[in-house]
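**Q** Below is the structure I would like to discuss, written out as structure tokens.
The values are calculated or read from the model by the stated rules, or taken from the named source; none is laboratory data. Nothing here was measured: the structure is a model prediction, and the numbers come from that model. All Cβ positions, glycine included, derive from the backbone under ideal geometry; neighbour counts span all protein chains shown. Keep in mind that these areas ignore ligands, DNA and RNA; they rest on the heavy atoms of the full protein, side chains included. Shrake-Rupley method; radii C 1.70, N 1.55, O 1.52, S 1.80 Å.
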Protein chains: 2
Amino acid sequence: MALLETLRAEARAAPESGIVAVMNHGRGRDGMIPLWAGEGDLPTPAFIADAASRALAGGETFYTWQKGIPEVRQALARYYERHFNKTFAPEEFILTGSGMHAIQLALDAVAGKGDEVIYLSPAWPNFAAAAGISGAVPVPVVLDLTGIAGSWGWSCDVEKIAASITPRTRAIFVNTPSNPTGWTADRETLQAILELARARGLWIIADEIYALFHYDGGRAPSFIDIMRDDDRILFVNSFSKNWSMTGWRVGWIKTHPSLQQVFENLIQYSTSGVAQFMQRGAVAALDEGDAFVARQVAHARQARDLVCGILGQTGKVRFAVPPGAFYLFFSIDGVNDSRAAAFDIVDHANVGLAPGTAFGAGGEKFLRLCFLRRLDQLEEAAIRIADWTRRL
Amino acid sequence: MALLETLRAEARAAPESGIVAVMNHGRGRDGMIPLWAGEGDLPTPAFIADAASRALAGGETFYTWQKGIPEVRQALARYYERHFNKTFAPEEFILTGSGMHAIQLALDAVAGKGDEVIYLSPAWPNFAAAAGISGAVPVPVVLDLTGIAGSWGWSCDVEKIAASITPRTRAIFVNTPSNPTGWTADRETLQAILELARARGLWIIADEIYALFHYDGGRAPSFIDIMRDDDRILFVNSFSKNWSMTGWRVGWIKTHPSLQQVFENLIQYSTSGVAQFMQRGAVAALDEGDAFVARQVAHARQARDLVCGILGQTGKVRFAVPPGAFYLFFSIDGVNDSRAAAFDIVDHANVGLAPGTAFGAGGEKFLRLCFLRRLDQLEEAAIRIADWTRRL
């Protein structure tokens, strides 16, 4: 019963690793500004919610296509065509029960027990945990944070990825723009990773969930820009971030031609699909949601600049201005234990942050702040944190 | 990449095994009466759908408790207390992304690669398939169909289960009332299985999804009636059948005290929970749905008797009158290939049935008919099938 033992060990370890512990500590406090979770403060827009409610009231409550109704797969193809300037077939897309589910199924498809999967760290912790539960070994490659003349930036050394490959390596997981760092791969880095994967026969699992949350002109560079149709890349994605649908638990995979039937079966034997009435909401999001996303991205850019300005003025807070995603990942001079700091910031600044310990190797000294929030609250939170750093 | 090879083999095999192939053959025909799927013909009742829609419109679209909001777990405890006459704690229940998901997680928790899990066959095919995908070995124990004086009945020989146990066996999966046979374990059989599991240190995964669809007075006997609190039994369940919510993909697990945290983690790293607005619908189903279920069960009993009467009169159709669930599992004299027969019944009777080949060992010669449907349509379908048998 090795699996059960592993699961029990994971179960014991997980709540202690960070975010949940801080949330349990801070939840419900009067005046608390919670910036610890990876979601904005807007509910799902009405044009999406109403589409789902209409379908629900209309009786779309029966079993349906487990891989997604044709309409949602066609809408995904249209969405990709608009944003990536290529043509796509609806058959390339499989609906999943969240972005997390997409990642779990991608792992199931390409990595078995004892196989290794490389990922870039600091990272959203669920990827490595899901790999571990599936019996694979997650291998972190730490991004580099360098500062030149007071300006900091994260970067990925592809040579370090190459040096981490072993005969057991099956895949490289690339999250760009990255949660929590905001690191965003440029086209050259993507090309280098792709060539490495091709040369070594590895899969790429591309998590480009934040592709539209990019602040340097247009969406972020994508593997789609440089790949051939037969490159072994699985794109995991979610409706959560673009359309304020974190609570819906709907995601998708853009699959590889060789794996379409595999994923259909994996869906069948895990959740057997997504509610049809929710899929109607997903279609509305894809077909009618571009303007909402554009407003969210513009707002996030303002929010980023506001927070960076206030925290930067303290002279004690260090960060790379994130070119993508909607998090500020920062360290504070004199803070070495981010977990203790997150508890203290709850207690003495009444702001909820995620401790960098939750994000694995390379993140230990950092704190993560989600800035997709009303500007007045965000300004207040940033001022409170700045004051906290001055009292150190 | 053994896993990928396995998945590909499964992917090739699955569509050929039965139900989907017949559905693809028959879907969309004029006047077709589809009785192949495991769902009734009523949409989700309005009191459930409206509760979800209100929550959706009210902005319950954010991340929430991954194991289920407190209200739904409390409602589950109340539901069990009403129907099983014991007291339960909300903490015993974990919400899942379908009954299928509950089964997959239960398998993940108790059986690893190479472990064996025993199940009773004929059976709903997804259990064995999910076990196979998780790397475990599903071991069927075939139920017995015996006829005495023209009256047939399915039964479970617990000695056969005992004889199938090996050092690698980890669990016994018991679906009662059973899909597809309608076999319903009596209290003595449950007791014998429980004692066997206790003696051999095995888990029981109890699928009592159809417990309320029981036609011999009150709900079906349950392991809950005879178990101690610390018995190693996981109950997998779903909102699908009781409340016409097949399309929702929401289920639950009644866990063992030692595994509550394990399941919370398994949820986190698979789907990260169920949409909060759907959980409001689930609460309405649990708290306000007893009368709806009672009407459905009364209707199903009428429907069962109608179909059994018409098919029984042919003198060529053999079946055990099902004491539970909502399927008639029958053989026809002269029919040895149920898959070919299901195709022919589509073509020449315009009725959709599930071929017994889909239900594994012991089911090959049978056909499954779902009778949870309007009586006029059901009568028409039964007459068409009866005519088809007479033309054989």
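**Q** Among the residues of the stretch A:282-300, count how many are open to solvent by 10 Å² or more (accessible area, probe 1.4 Å) and either of a type outside the set (Val, Ile, Thr) or under 14 Å from A:Gly218 (Cα atoms) (or both).
**A** 11
**Q** Is it the case, given these coordinates, that A:Ile226 is free of Cβ contacts under 8 Å to residues at least 40 places away in the same chain, over 14 Å from A:Ile48 (Cβ atoms) and of a type in the set (A, V, I, L, M, F, W, C)?
**A** yes
Results for (1) under 16 Å from the mean Cα position of the chain (by Cα); (2) open to solvent by less than 10 Å² (accessible area, probe 1.4 Å); (3) within 13 Å of chain B (Cβ to nearest Cβ); (4) within 10 Å of A:Phe173 (Cα to Cα), shown as yes or no for each residue.
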| residue | (1), (2), (3), (4) |
| --- | --- |
| A:Ala102 | yes, yes, yes, no |
| A:Leu107 | yes, yes, yes, yes |
| A:Gly114 | no, no, yes, no |
| A:Leu120 | yes, no, no, yes |
| A:Phe127 | yes, yes, yes, yes |
| A:Ala130 | yes, yes, yes, no |
| A:Ser134 | no, no, yes, no |
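**Q** Among the candidates B:Trp243, B:Trp203, single out the residue that is open to solvent by less than 10 Å² (accessible area, probe 1.4 Å) and under 27 Å from B:Glu288 (Cα atoms).
**A** B:Trp243
Residue by residue, here is whether (1) open to solvent by less than 20 Å² (accessible area, probe 1.4 Å); (2) more than 30 Å from A:Gly68 (Cα to Cα); (3) part of a strand (DSSP E or B); (4) modelled with pLDDT under 95 holds:
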| residue | (1), (2), (3), (4) |
| --- | --- |
| B:Glu195 | no, yes, no, no |
| B:Asp216 | no, yes, no, yes |
| B:Ala220 | yes, yes, no, no |
| B:Ile224 | yes, yes, no, no |
| B:Gly247 | yes, no, no, no |
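**Q** Out of B:Phe277, B:Phe263, I need the residue that is open to solvent by less than 10 Å² (accessible area, probe 1.4 Å), within 20 Å of B:Val236 (Cβ to Cβ), in contact with a helix residue (DSSP H, G or I) (Cβ under 8 Å, 6 or more places away or on another chain) and not in a loop (DSSP other than H, G, I, E, B). Which one?
**A** So the residue among B:Phe277, B:Phe263 that is open to solvent by less than 10 Å² (accessible area, probe 1.4 Å), within 20 Å of B:Val236 (Cβ to Cβ), in contact with a helix residue (DSSP H, G or I) (Cβ under 8 Å, 6 or more places away or on another chain) and not in a loop (DSSP other than H, G, I, E, B) is B:Phe263.
**Q** Among the residues of the stretch B:136-152, write down those that are open to solvent by 10 Å² or more (accessible area, probe 1.4 Å) and out of contact with any Pro (no Cβ under 9 Å at 6 or more places or on another chain).
**A** Listed by number, the residues that qualify are B:Val137, B:Pro138, B:Val139, B:Asp144, B:Leu145, B:Thr146, B:Gly147, B:Ile148, B:Ala149, B:Gly150, B:Ser151, B:Trp152.
**Q** B:Ser240 - would you say it is closer than 18 Å to B:Tyr327 by Cβ, away from every other protein chain (no Cβ under 14 Å), not in a strand (DSSP E or B) and not aromatic (Phe, Trp, Tyr)?
**A** no
**Q** Go through the stretch A:350-364 and give me each residue that's open to solvent by 10 Å² or more (accessible area, probe 1.4 Å) and at pLDDT 95 or above.
**A** The answer is A:Asn350, and nothing else.
**Q** In the stretch B:68-87, what count of residues is obtained for those that are part of a loop (DSSP other than H, G, I, E, B) and crowded, with 19+ Cβ neighbours inside 10 Å?
**A** 2
**Q** Another question about this same structure. Among A:Thr96, A:Thr87, which is the only one that is over 24 Å from the mean Cα position of the chain (by Cα) and hydroxyl-bearing (Ser, Thr, Tyr)?
**A** Among A:Thr96, A:Thr87, only A:Thr87 is over 24 Å from the mean Cα position of the chain (by Cα) and hydroxyl-bearing (Ser, Thr, Tyr).
**Q** Moving on. Name the residues in the stretch A:153-165 that are of a type in the set (A, V, I, L, M, F, W, C), open to solvent by less than 60 Å² (accessible area, probe 1.4 Å) and either closer than 17 Å to A:Ala361 by Cβ or touching an Asp or Glu at 6+ places or on another chain (Cβ under 6 Å) (or both), would you?
**A** A:Trp154, A:Cys156, A:Ile161, listed by residue number.
**Q** Right, A:Phe343: surrounded by fewer than 19 Cβ atoms within 10 Å (Cβ to Cβ) and aromatic (Phe, Trp, Tyr) or not?
**A** yes
**Q** Condition test on A:Phe330, is it out of contact with any Lys or Arg (no Cβ under 7 Å at 6 or more places or on another chain) and among the aromatic types (Phe, Trp, Tyr)?
**A** no
**Q** Can you say whether A:Thr184 is hydroxyl-bearing (Ser, Thr, Tyr), open to solvent by 20 Å² or more (accessible area, probe 1.4 Å), outside any loop (DSSP other than H, G, I, E, B) and over 19 Å from A:His256 (Cα atoms), as far as the supplied structure shows?
**A** Considered against the rule, which asks whether it is hydroxyl-bearing (Ser, Thr, Tyr), open to solvent by 20 Å² or more (accessible area, probe 1.4 Å), outside any loop (DSSP other than H, G, I, E, B) and over 19 Å from A:His256 (Cα atoms), A:Thr184 comes out as no.
**Q** What are the residue pairs meeting all of these: first residue in the stretch A:364-391, first residue under 16 Å from A:Arg339 (Cβ atoms), second residue in a helix (DSSP H, G or I) and open to solvent by 60 Å² or more (accessible area, probe 1.4 Å), Cβ atoms under 9 Å, and 6 or more apart or on different chains?
**A** From the stretch A:364-391, the pairs are A:Glu364/A:Arg339; A:Trp388/A:His348.
**Q** Hey, can you tell me all the residues within the stretch A:45-67 that are aliphatic (A, V, I, L, M) and open to solvent by 40 Å² or more (accessible area, probe 1.4 Å)?
**A** If the condition is that a residue be aliphatic (A, V, I, L, M) and open to solvent by 40 Å² or more (accessible area, probe 1.4 Å), then A:Ala46, A:Ala57 are the ones that fit.
**Q** Okay, next question. Just checking, which of B:Ser258, B:Ser331 is more than 23 Å from B:Thr44 (Cβ to Cβ), out of contact with any Ser or Thr (no Cβ under 6 Å at 6 or more places or on another chain), surrounded by fewer than 24 Cβ atoms within 10 Å (Cβ to Cβ) and within 14 Å of chain A (Cβ to nearest Cβ)?
**A** Selected residue: B:Ser258, the only one of B:Ser258, B:Ser331 that is more than 23 Å from B:Thr44 (Cβ to Cβ), out of contact with any Ser or Thr (no Cβ under 6 Å at 6 or more places or on another chain), surrounded by fewer than 24 Cβ atoms within 10 Å (Cβ to Cβ) and within 14 Å of chain A (Cβ to nearest Cβ).
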